[in-house]
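K.L.:
Take this structure, written in structure tokens, and hold onto it; I'll ask about it next.
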Amino acid sequence: MARTLIALPGDGIGPEVVGGALQVLEACARRFGLDLEVRTLAVGGAALDEFGEPLPGFVLDACLESGLVLLGAVGDPRFDDHPPDRRPEKALLRLRSEMKLFANLRPVRLAPALAAASPLKEEIVAGVDLLFVRELTGGIYFGEPRGIEEREGARVGFNTEVYSEGEISRIARVAFEAAR
């Protein structure tokens, strides 16, 4: 059965990293006899340049249909002065939300050769093996209300950090299972 992988190279170093990752994935597919079709689509600044929006609907639809997505970096200083809905990062937040990608796993392992380069003492960092589990779709990223309003003659920005019991339970479950 053929599977379709949606490759989203993105911006900056993203295309280079995704290109290398695709070479590895394609070699693995050949080695293990997997039928993998790769479809490369624009996201972030690249999509803004090509389509005028950071995550075109057809790109999101392809990601949701496939379920297999390889995402590079998004972000480009050329868009820093654009309104929030026309910035590359909006694609990342919408992908997380629409695909229900709530957990980010960030492993930390120190190569022994780099222990002396750490600002911490070598004996403290030697053998470090940590996993940070970060929640991605709740809290300050998606909390409501948010906005900018005038209060007492001054502009005031506000965001709301909200987590439901279910959001806390699911991220804790990921962390506890990884700790096992």
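The values are calculated or read from the model by the stated rules, or taken from the named source; none is laboratory data. Bear in mind the structure is a predicted one, so any value in this text is a computation, not a measurement. As a convention, Cβ positions derive from the backbone with ideal geometry for all residues, glycine included, and neighbour counts pool all protein chains shown. Note: accessible area is taken over every heavy atom of the protein model, side chains too, but ligands, DNA and RNA are not part of it. Shrake-Rupley method; radii C 1.70, N 1.55, O 1.52, S 1.80 Å.
K.L.:
Here is a list: ALA27, ALA91. Which entry is assigned to a helix (DSSP H, G or I), among the hydrophobic types (A, V, I, L, M, F, W, C) and more than 24 Å from TYR141 (Cβ to Cβ)?
P.N.:
ALA27
K.L.:
Please verify whether ARG134 is open to solvent by less than 80 Å² (accessible area, probe 1.4 Å), on the phi < 0 side of the Ramachandran plot and either part of a helix (DSSP H, G or I) or modelled with pLDDT under 95 (or both), treating the condition exactly as stated.
P.N.:
Yes; evaluated as a whole, the condition is true for this residue.
K.L.:
Can you tell me which condition ALA73 does not meet? The list is (1) open to solvent by less than 70 Å² (accessible area, probe 1.4 Å); (2) out of contact with any Asp or Glu (no Cβ under 7 Å at 6 or more places or on another chain), and all the others hold.
P.N.:
(2)
K.L.:
Further, regarding this structure: Quick test for you: out of LEU101, LEU60, pick the one residue that is in a helix (DSSP H, G or I) and out of contact with any strand residue (DSSP E or B) (no Cβ under 8 Å at 6 or more places or on another chain).
P.N.:
LEU60
K.L.:
Among the acidic types (Asp, Glu) and either without any contact (Cβ under 8 Å) to a residue 60 or more places away in the chain or closer than 18 Å to LEU136 by Cα (or both) - does that describe any residue in region 44-51?
P.N.:
Within region 44-51, one or more residues are among the acidic types (Asp, Glu) and either without any contact (Cβ under 8 Å) to a residue 60 or more places away in the chain or closer than 18 Å to LEU136 by Cα (or both).
K.L.:
Filter region 1-23 down to the residues that are out of contact with any helix residue (DSSP H, G or I) (no Cβ under 9 Å at 6 or more places or on another chain) and within 16 Å of VAL69 (Cβ to Cβ), then identify the one that is surrounded by the most Cβ atoms within 10 Å (Cβ to Cβ).
P.N.:
Top of the filtered list is VAL18.
K.L.:
While we're here: Residue pairs, Cβ under 8 Å, 6 or more apart or interchain, first in region 141-163 and in a strand (DSSP E or B), second of a type in the set (Lys, Arg) and exposed (fewer than 11 other Cβ atoms within 10 Å of the Cβ). List them.
P.N.:
Final answer for the pair search is ILE148/ARG155; GLU149/ARG155.
K.L.:
Please find, within region 154-170, the residue that is farthest from GLY138 (Cα to Cα) out of those that are open to solvent by less than 90 Å² (accessible area, probe 1.4 Å) and at pLDDT 95 or above.
P.N.:
ALA154
K.L.:
Continuing with the same structure: Looking at PHE102, is it touching a Gly at 6+ places or on another chain (Cβ under 9 Å), closer than 30 Å to ALA172 by Cα and among the aromatic types (Phe, Trp, Tyr)?
P.N.:
In short, yes.
Okay, residues lined up against (1) over 22 Å from ARG134 (Cβ atoms); (2) among the basic types (Lys, Arg); (3) out of contact with any Pro (no Cβ under 8 Å at 6 or more places or on another chain):
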| position | (1), (2), (3) |
| --- | --- |
| ARG39 | yes, yes, yes |
| ALA42 | yes, no, no |
| ALA46 | yes, no, no |
| GLU53 | yes, no, yes |
| PRO84 | no, no, yes |
| PRO88 | no, no, no |
| SER97 | no, no, yes |
| PRO107 | no, no, yes |
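K.L.:
Restricting to region 46-68, name every residue that is crowded, with 18+ Cβ neighbours inside 10 Å and either touching a Ser or Thr at 6+ places or on another chain (Cβ under 6 Å) or of a type in the set (Val, Ile, Thr) (or both).
P.N.:
Selection gives VAL59 alone.
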